[in-house]
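Peer 1: I'd like to ask you about the structure that follows.
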C-alpha cells in the first residue's frame, strides 16, 4: 500500500520563503522524499551582469533581509582578493562586529521564534509566550541588540549601506560600539541559559554519517573569511569550491541543489561549524557546550539548535573582546584599481558557507556572477534526513507526522528565497 504525506496545505511553516514537503512510501524499503521549492527564481545573478562591481555590494544584500551582511561579505572577500586590497585592521574588526550582530539576531530568531515551538509542541511563538512570556521577552531583547550592532555599523539592520570595496563608508565611534557591547554583556547569562534550554528539549534522534563543511581560519573561529574544510578531508581556498562541490537540477524544484564532487550530500551551518572548529570557540562558549555534554562529534541534526545557542554565547563574547580592541580607523577605506579576472569569495552566513564568484572586465564591469547560498547546499541533506526519519514520520498520527517532517526541515533554518537562483532552462520542440 502506498502512503503519502504531503506538507503543502500551505507553505512550510516558520521558514523564510515558500516550499513544501512530499514523503511517499510504497513499502518499508522504499521512501521517496521531495523538498519542493516553488518560490520563483529571483535572478540576482542576471541582475548583476553588466553592472559596475561597486554596485554588487548593495545589490546582493537585497537577496536576504535576515542575513544581508553575509552576502555583502562574500562579495567583498571575492572582489578585494582579486584586486589585492588590504583593508585596515580596524575596518576588518568592524566588519566582524557587524557580522556577529547578524549572527545574534538570526540565531535568536531561529532558536526561540521558529524552533522552540517545535520542541514544546505548540503552534507558534505566541503560544510559547503564553507559557513563558519572560523567555520570549529576553529572546526579543537579545535579537534587538544584534540588530542594534547592525544599525550602529551598517547604518540599518535590513540591507546595511555602510560596506564598500576597500573598507567602510563611515566608521562607527568607539563609544557607540562599547555601549552596545556592554548591553550585550547583560544578555550573556541568558545566552548561556539558552544553551541549557536547547539541550533540555525533548528531541527525535537521528543517527547518521554526514559530511560536514565549514570555513576554517587559523586565527579565530571562522566567520568572515577562511578556507573550506570538511570532516571527510576537503581542504581548499575559496577558489576551489567548484572543484569540490557541484550543483544539479531536479524537476520538482526551482532551486538548484549541491552535492560533493563524489556525489554525496553535505551539511553546512552551525552544527558543521561547531564540530569542525570546536577548539576555536571562545572559552565561555566551549564551556557552555561541554556543560550540557555537547562535544564533537555531534552529527544528529536535531542538535543544531544547541549549536546555534553555543554560537550565541560565542558571538557575544567575541563582540565584547573586539569592542575593547577597537579604535576608529584614520581612514575608513582605501583606493584600488579595477582588474580583469575571476574573483572568489566565501564567508559564514548564519546558515552556513556562502560562495560568490564574479568574472570582471578591466573597467570593473561584472561579466558573470554565481552565488551559492547555504540553503541550496543543504537541500539534498535535508531530503536525506527526512528519508531516514520517514519510518517515525509515517508511523505517527497525521499532526505529529507533519510536525516531525517540518522539524527535520527547520533544523537547517532554511532561507528558501536565498536558494532560488536561476535554473537551467531546456526547451524541446517537436
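Laboratory data are not the source of any read-out in this text; all were calculated from the coordinates shown. This structure is a prediction, so every number in the text was calculated from the model and none was measured. For neighbour counting, all protein chains shown are included, and Cβ atoms are generated from backbone atoms with ideal geometry for every residue, glycine included.
Peer 1: Taking neighbour Cβ counts within 10 Å as the exposure measure, how do 143, 30 sort from fewest upward?
Peer 2: With the fewest neighbours first, 143, 30 line up as 30, 143.
Peer 1: So, in Å, what gap is there between the alpha-carbon centers of the stretch 240-310 and the stretch 36-108?
Peer 2: What the calculation gives is 21 Å, centre to centre.
Peer 1: If you scale each eigenvalue of the Cα gyration tensor by 5 and take the root, what three semi-axes come out for the stretch 271-430, rounded to whole angstrom and sorted largest first?
Peer 2: 35, 30, 11
Peer 1: Just the Kirkwood number for the stretch 268-350, please: inverse of mean 1/r across all distinct Cα pairs, in Å, one decimal.
Peer 2: This gives a value of 15.3 Å.
Peer 1: Suppose the Debye formula is applied to equal point scatterers at every Cα of the stretch 334-422; what is log10 I(q)/I(0) at q = 0.14, 0.17, 0.26 Å⁻¹?
Peer 2: Once normalised to I(0) and log-transformed, intensities are -0.64, -0.80, -1.18.
Peer 1: On to the next question. If you take the square roots of the eigenvalues of the alpha-carbon gyration tensor of the stretch 74-233 and sort them as a ≥ b ≥ c, do you get rounded (a/c under 1.5), prolate (a/b over b/c) or oblate?
Peer 2: oblate
Peer 1: Separation between the residue 327 and residue 291 pseudo-spin-labels, each 7 Å from Cα along Cα→Cβ, expressed in nm?
Peer 2: About 3.5 nm, to one decimal.
Peer 1: Another question, if that's okay. Shape of the stretch 153-279 from its Cα gyration tensor (a ≥ b ≥ c, root eigenvalues): rounded if a/c is under 1.5, otherwise prolate when a/b > b/c, or oblate?
Peer 2: Verdict is oblate for the stretch 153-279.
Peer 1: Can you grab the distance from the C-alpha centre of the stretch 351-376 to the C-alpha centre of the stretch 311-343, Å, no decimals?
Peer 2: 20
Peer 1: A further question follows. Neighbouring Cβ atoms within 10 Å as the yardstick, rank 356, 169, 110, 159 fewest first.
Peer 2: Least crowded to most crowded, the residues run 169, 159, 110, 356.
Peer 1: What is the extension gain from residue 132 to residue 232, computed as 0.36 nm multiplied by their sequence separation minus the C-alpha to C-alpha distance, in nm to one decimal? Show your work: numbers first, answer last.
Peer 2: Values: separation 100, 0.36 × 100 = 36.00 nm, distance 4.18 nm.
Residue separation times 0.36 nm, minus the Cα-Cα distance, leaves 31.8 nm.
Peer 1: Now for a different question. Provide Rg over Rh for the stretch 27-91; use the alpha carbon set for both Rg and the Kirkwood Rh (inverse mean inverse pair distance).
Peer 2: So for the stretch 27-91, dividing Rg by the Kirkwood Rh gives 1.23.
Peer 1: Under 15 Å from a point 7 Å along the Cα-to-Cβ line of residue 196: which residues of the stretch 134-172 have their amide N that close?
Peer 2: 135
Peer 1: Only Cα pairs within less than 10 Å get springs; with that Gaussian network setup on the chain, which residue of 239, 25, 304 has the largest fluctuation?
Peer 2: Maximum fluctuation in the GNM of the chain, among the listed residues, is at 25.
Peer 1: Once label points are set 7 Å from the Cα along Cα→Cβ at both residue 248 and residue 216, what is their separation, rounded to one decimal in nm?
Peer 2: So the two model labels end up 2.8 nm from each other.
Peer 1: Something else about it: So, in nm, how far is label residue 24 from label residue 86 when the simple model puts each one 7 Å beyond its Cα toward the Cβ?
Peer 2: Placing both labels 7 Å beyond Cα along the Cβ direction yields 6.0 nm.
Peer 1: Moving on to the next point. Arrange the following residues from fewest to most other Cβ atoms within 10 Å of their Cβ: 417, 214, 148, 132.
Peer 2: 132, 148, 417, 214
Peer 1: Ok, one more. Once the principal axes of the Cα atoms of the chain are found, what is the range along each, listed largest first in whole angstroms?
Peer 2: For the chain, the Cα extents along the three principal axes come out at 70, 64, 37 Å.
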